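**Q** Take this structure first; my questions come after.
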Amino acid sequence: MPRRRRGYPVAVLVGLDKGEAHLWDVYSESVKPAQTLASSGSEYSLSEAVVDQLRPRVKEGVKTVVVASEDRARYQSLLSHVERHHGWLIRGRGTNTVTFTYLKGRATSAGEVRALAASEGFRSILRDASEGGLDAVMGALEKRLGTSEGIDSLMMSLEEVEARVYGEEPPEFILMTEGFTRRHRSRAQRLTQVAHNRAVKAVTVPEGSRHASRLEQLGGIVGLAKTQPP
């Protein structure tokens, strides 16, 4: 049988139940189970465990967290914890903002997740949340394009991005359109893997995104160098 394509990462799905959190990695063409976390007796410890699992995914460029539960209060408890103790997740500067959104339903088993992922509500929330996350990155990109110093901090070709990712000063962020990854499949796959290994955020922008045409105007790929703190 042909191997099913995983696709590129687009979100993390967190299924909250009483005393448990079930994490799933959401890709463009599949959803894969990740971790199941159990509370050690408090909501605080469970929320901390969830954030610990989100950290590496955010570093790799995932900017959308969908929280599923039949009880909205569980989502609100997690969000309040993030706001109080990990504000960097939702109030990041420029490219570092993560979007949390709530979806009513269960996501504690493979069957429940399949049903949830097939629903229009899930797809709609994922599209909206993903676009919201991209807004911040595209805003930072357009701001840099407006100044000579900003332009100097951008990589505008596959060769430039590869040189930085494989070199001594990797960029902070890479944006590629879905069409670009198809046109340069093997190089784009290797670039994404090395970028993730070096803690570079790499995001594939789907063709349906309102930002895709703008990125195609720029060649389909853009790298953003790390900015120096003011």
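Since every read-out is calculated from the coordinates, none of them should be taken as a lab result. From a predicted model like this one, the values you see are computed outputs, not experimental measurements. So basically every Cβ, Gly included, is an ideal-geometry build from the backbone, and we count neighbours across all protein chains shown.
**Q** Applying the Karplus parametrisation 6.51 cos²θ - 1.76 cosθ + 1.60 with θ = phi - 60° to the phi angles of the stretch 211-218, what ³J(HN,Hα) value in whole Hz is obtained for each residue in order, glycine and proline being reported as x?
**A** Taking θ as phi minus 60°, the curve returns 8, 5, 5, 5, 5, 5, 4, 8 Hz for the stretch 211-218.
**Q** Taking the Cβ-Cβ separation of residue 153 and residue 187 as r and a Förster radius of 35 Å, what is the calculated FRET efficiency to the nearest 0.05?
**A** Numbers: r = 23 Å, r/R0 = 0.65.
With a Förster radius of 35 Å, E is 0.95.
**Q** Report for the stretch 142-230 the percent antiparallel among DSSP-assigned beta bridges with both residues inside it, nearest 5.
**A** On the way: 6 of 11 bridges.
Close to 55 percent.
**Q** Starting from 0.36 nm per residue, how many nanometres of slack lie between residue 143 and residue 39 once their C-alpha separation is accounted for?
**A** Values: separation 104, 0.36 × 104 = 37.44 nm, distance 4.30 nm.
Contour length minus the Cα-Cα distance gives 33.1 nm.
**Q** Can I ask one more? Angle check, please: helix 72-85 long axis (alpha carbons) against the longest principal axis of the chain (alpha carbons), in degrees 0 to 90, nearest 10.
**A** In the chain, helix 72-85 runs at an angle near 50 degrees to the longest axis.
**Q** Express in whole angstrom the spacing between the alpha-carbon centres of the stretch 67-141 and the stretch 165-212.
**A** With the stretch 67-141 and the stretch 165-212 each reduced to a Cα centre, they are spaced 22 Å.
**Q** Work out, step by step, the length gained on full extension between residue 135 and residue 90: first 0.36 nm times the residue separation, then minus their alpha carbon distance; give nm to one decimal.
**A** Gain on stretching residue 135 to residue 90: 14.8 nm.
**Q** Continuing with the same structure: With the crude spin-label approximation of a point 7 Å out along Cα→Cβ, what separation in nm comes out for residue 52 versus residue 117?
**A** Rounded to a tenth, the inter-label distance reads 2.6 nm.
**Q** Which residues' amide hydrogens lie under 5 Å from the amide hydrogen of residue 61, considering only partners 5 or more residues apart or on another chain, with H built in the peptide plane?
**A** 202
**Q** I'd like the antiparallel share, as a percent to the nearest 5, of DSSP beta bridges with both residues in the stretch 9-130.
**A** Values: 14 of 24 bridges.
If we restrict to bridges inside the stretch 9-130, about 60 percent are antiparallel.
**Q** Here are several values of Rg and Dmax of the Cα atoms in Å: [x] 23.5, 78; [y] 18.0, 54; [z] 19.8, 59. Which one was derived from the coordinates shown?
**A** Correct label, based on the coordinates given: [y].
**Q** Report, in listed order, any pair from 18/201; 63/226; 59/143; 104/143 with a Cα-Cα distance greater than 27 Å.
**A** Values: 18/201 33 Å; 63/226 18 Å; 59/143 22 Å; 104/143 37 Å.
From the list (18/201; 63/226; 59/143; 104/143), the Cα-Cα distance tops 27 Å for 18/201; 104/143.
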